[in-house]
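For reference, the structure is listed below as structure tokens.
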Amino acid sequence: TDLGWGSSAEEAEAGNNLVTLHLTEFVSAGQLLRVWCYLSDSPVFVYPSDLDGVELEVPQGMKKPRVTYLQQRGWSGGLFTVTIQDLVVPTVSSQALSDIKVITSMSTLGCEGLAYHMEDGVMDMQHMEDKFGNLQMTSTPAFLDTSMCMEDPSCEMLTCFFGGPQEYPITMLEAYPIIDTPTLESAYMYRGAPNRVILEKTSATSGYISWVSREEVVSSGIDPETQQVCPELVDAQDSGRYVELSASGESSEFTLDQPVGQYFLCLLDDAADAVPGVPLRSIGTISVMDVIATMGQSSLPSTRTTLRVDVSAMLAGIVTCVAKTVAATTAKQSEFASVALEPGMSASAMQEQALQQRTQIFEWLNDQDGTIALSNTEVPAAVPPNVTVVLVLSTFPETNEVPTWCWHSATLDLKMVTPEDPMGMYLELPGSNPKAHHLPTFLWPGGSFLIWIEHVPDTSRSRVNLVNSSDECDSSTYEIAMPVVQVGFTEQLIEAYLVADVTKRMVCFFELPTSMALVIATSTGEQFEFPQAAPPTNGLIVEGVVANYVHRGLPANVILSSAEPGENGQVFIIEDVAYEANGGQCLPAVGIGGAAEAIETAEEYIARVAKVQLKDAFPMDDGSHFITLNEEDTQAFVIGGSYIVCYVGDKRDSTRVFNKVGESLLVRDIITNVIKDTAFEEAGGKKTTSEQTRLSVEASLEGRVSCFIVVRRLDRTPVMEEIRNTYSSELPEDFVPAFDESEVLGRTLDVDVLAANSVTPVVIDHLPYGNAAGIRAMPMGVAPQVYTW
């Protein structure tokens, strides 16, 4: 195989001439070479003329040049360097060294087709001596272009060596292996939190990763699109940005303390390449983020006792937020003055200084000094990572804004706090302090009522307790407090009633189950002042006369005294037994937490249970109010029954609370008793016989009474027209009387009742007398019976 060709540099002369041979490959020490020469004047004469040629031996001290690569494996677009060692140059001069050219080529093309003058693939080589004084040449980092591999899976990069302009390209024995490009799978790293970076690694060796921010690259004057962005190995190690990477592509766990932003992730694919000068290769960009990406005023309303903070946390864990007073925060600022960075300070020293400052702030935030609220909220692993932290204030703030900070459990080691500013983030506590109002608006001691809270948008979980001092409020608990009612909605179901007590008029407020108890103002000042000192009363007027009873079938006016002076009072009437079944309330309470399961509204309950449906209470000139019960209303009552008047002073209340007014209404008929007048007979008067009956009629009202007597028990109660014998003219033609006129012994009509609640004698003559024959005969000694209405 031909190894090379050459000629003398000048015209040959008689005697010895120097001929330089340009080899096509490197030779080894002790290797035998055979040489033939000829003169240009006589090209047909070759010396020696035999096939053995002149035998030359490569000197034993000769070393064969070799090439090494950093990193040991490459991929498309990756950085690499070429180092050629054991070079032997006849004359070590700057010209001789500068004449050496190294060009890279893909194995699919080879070195044979290359020429010295070509520029593609030329490496920028720098010469130096190794530690043994041997000459070597090392290139500056270059990007690997694999486009000419043409999808050949066995493609490698070749190093082609030109000793000078007249030399042939020599293919160096050591080829550069090409692997598939590693892929960055992780998209984020988090400041102050444990991180692991995941790659899809295409080699079976462990390595290292590092990172550098785009801002650092640009500020160094480097074009990140065309130039090497990764740090030198020593710089990566010194900056603490140097983390082991397993052969499977998972990094060791590490924390970082660099600013947020976009970073280039740099790879040292093989740990064996960790030598000075090795180029780390960027395999993509990764975002460095704070674990708490954002925090700010919540979209849910805050109040003067509860601050709501929306926090976007990128990792599962616990978010802690704290609010301090403005006064305490301002007073602390002088202690948190930043320390100036000294020139030449190392990256690790700067990080240590920053950690000391954060630690100082963090310890103060966990101190009681100026703290008015602190809350821990769990962040679930689910996405999106947004949580609302509810800070329940231990006191009413003196300002409309309070400085607030939050931190995440994942960053406790590095004391990362958001914001990092010692002044915190000022968040608003809008509106005014909570104020308690009672429903009904017209209330008296002993009356049942509810409370609603002004200036708190959502009181669905709020509760109150009535106390007589702030000390009693401090010892109160949410569990024993009563729910409040919300206004501005449809009428709410009543979960539990409060009772107006003149000894407990201060309101102890819990906005949330986690809230601290706070005494809040009321609509009438520091404590409730009930509008009415004594409960309202009721009375009855029937037929223009003050009455003690309601009479079935007869209209009545119910008079309400000491009631709400306005025109919006409302009343319904229920039985006593229904009132007692409700626990002594006009409307039943559904129980704490029972509103979600209740299926009957107040309107539906009244429609189902009330004997008298809702009626308006109308004012009278003397300040009293009245409602009218018509005949249909009183006919719904039961004789002997008792009924409760349920009253609310203002039907416009968003949730009406009805209270019992006055004593129960008692129901009696107008005629309360009809008996034979035995007292008259015992006093010597005419006795009842088959000719005449004398009755004692007890009536509760003045008026006139009419009676009749028949000889038998009837199948139904007779109507008035049958008693008066006007049914044939006044009732419809198809009316069927309950008796035959031959069964009627007699009628007496329109006997005057001169006084209410009196007994009036009524004498009924049996006419026509012949009807007396229908009286049923009884056994000897048993008086006959007749029937009267």
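The values are calculated or read from the model by the stated rules, or taken from the named source; none is laboratory data. Because the structure is predicted, anything quoted here is derived from the model rather than measured. Backbone-built Cβ (ideal geometry, glycine too); neighbour counts: all protein chains shown. Ligands, DNA and RNA are stripped out before the accessible areas are found, and what is left, the full protein with its side chains, is counted by its heavy atoms. Shrake-Rupley method; radii C 1.70, N 1.55, O 1.52, S 1.80 Å.
The table for this structure:
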{"quantity": "Tensor-based shape of segment 716-789 (alpha-carbon gyration tensor, a/c under 1.5 rounded, otherwise prolate or oblate)", "calculated": "oblate"}
{"quantity": "Segment 388-521, dipole about Cα centre (Lys/Arg Cβ +1, Asp/Glu Cβ -1), debye to the nearest 20", "calculated": "360"}
{"quantity": "Per the chain, cysteines lacking a partner by the 4.7 Å Cβ criterion", "calculated": "C37, C707"}
{"quantity": "Label-point separation, K651 to D367 (7 Å along Cα→Cβ), nm", "calculated": "6.4"}
{"quantity": "Surface share of carbon and sulfur [accessible, 1.4 angstrom probe, percent] for segment 657-769", "calculated": "50"}
{"quantity": "Sum of -39500 (n - 2.57) over DSSP H runs of 4+, divided by residues of the chain (222 nm, nearest 500)", "calculated": "-2500 deg cm²/dmol"}
{"quantity": "FRET E, pair M423, M128, Förster distance 45 Å, beta-carbon r, rounded to 0.05", "calculated": "0.20"}
{"quantity": "Subset of K101/K131; K615/K651; K324/K415; K435/K504; K435/K651 violating a 20 Å alpha-carbon distance limit", "calculated": "K101/K131; K435/K651"}
{"quantity": "Accessible surface of segment 360-417 [probe 1.4 Å, protein heavy atoms]: carbon and sulfur percent", "calculated": "47"}
{"quantity": "Aspartates and glutamates with Cα under 15 Å of K201, excluding same-chain neighbours fewer than 8 positions away", "calculated": "D180, E185, E244, E250, D269, D270"}
{"quantity": "Gain in span if fully extended, S642 to V545, counting 0.36 nm per residue against the direct Cα distance", "calculated": "32.9 nm"}
{"quantity": "Rounded, prolate or oblate (a/c below 1.5 giving rounded, otherwise prolate when a/b exceeds b/c) for the chain by Cα gyration tensor", "calculated": "prolate"}
{"quantity": "Average accessible surface area per residue within segment 111-172, 1.4 Å rolling probe, Å²", "calculated": "60"}
{"quantity": "Segment 182-267 - percent of accessible surface contributed by carbon and sulfur, probe 1.4 Å", "calculated": "46"}
{"quantity": "Residue order for Y116, Y263 - accessible surface, 1.4 angstrom probe, largest first", "calculated": "Y116, Y263"}
{"quantity": "Burial order of peptide ranges 727-733, 238-244 (average beta-carbon count within 10 Å, highest first)", "calculated": "238-244, 727-733"}
{"quantity": "Only Lys, Arg (+1) and Asp, Glu (-1) charged, at Cβ; the chain dipole about Cα centre in debye", "calculated": "3500"}
{"quantity": "Simple label model, 7 Å out from Cα along Cβ direction - E25 to E682, nm", "calculated": "15.5"}
{"quantity": "Theoretical FRET efficiency, 1/(1+(r/R0)^6), r = Cβ-Cβ of T395 and T537, R0 60 Å, to 0.05", "calculated": "0.85"}
{"quantity": "List T1, T634, ordered by accessible area with a 1.4 Å probe, largest first", "calculated": "T1, T634"}
{"quantity": "Where labels lie 7 Å past Cα in the beta-carbon direction, separation of D740 and A204 in nm", "calculated": "12.4"}
{"quantity": "Sequence ranges 320-326, 758-764, 215-221, 777-783, ranked by mean other-Cβ count within 10 angstrom, highest first", "calculated": "320-326, 758-764, 215-221, 777-783"}
{"quantity": "Å² per residue, accessible surface of segment 460-526 at 1.4 Å", "calculated": "48"}
{"quantity": "Contour excess over end-to-end distance, with Cα ends at A578 and E600 and 0.36 nm allotted per residue", "calculated": "6.4 nm"}
{"quantity": "Given charges at Cβ of Lys, Arg, Asp, Glu: segment 622-714 dipole, positive-most of I670, C707, G623", "calculated": "C707"}
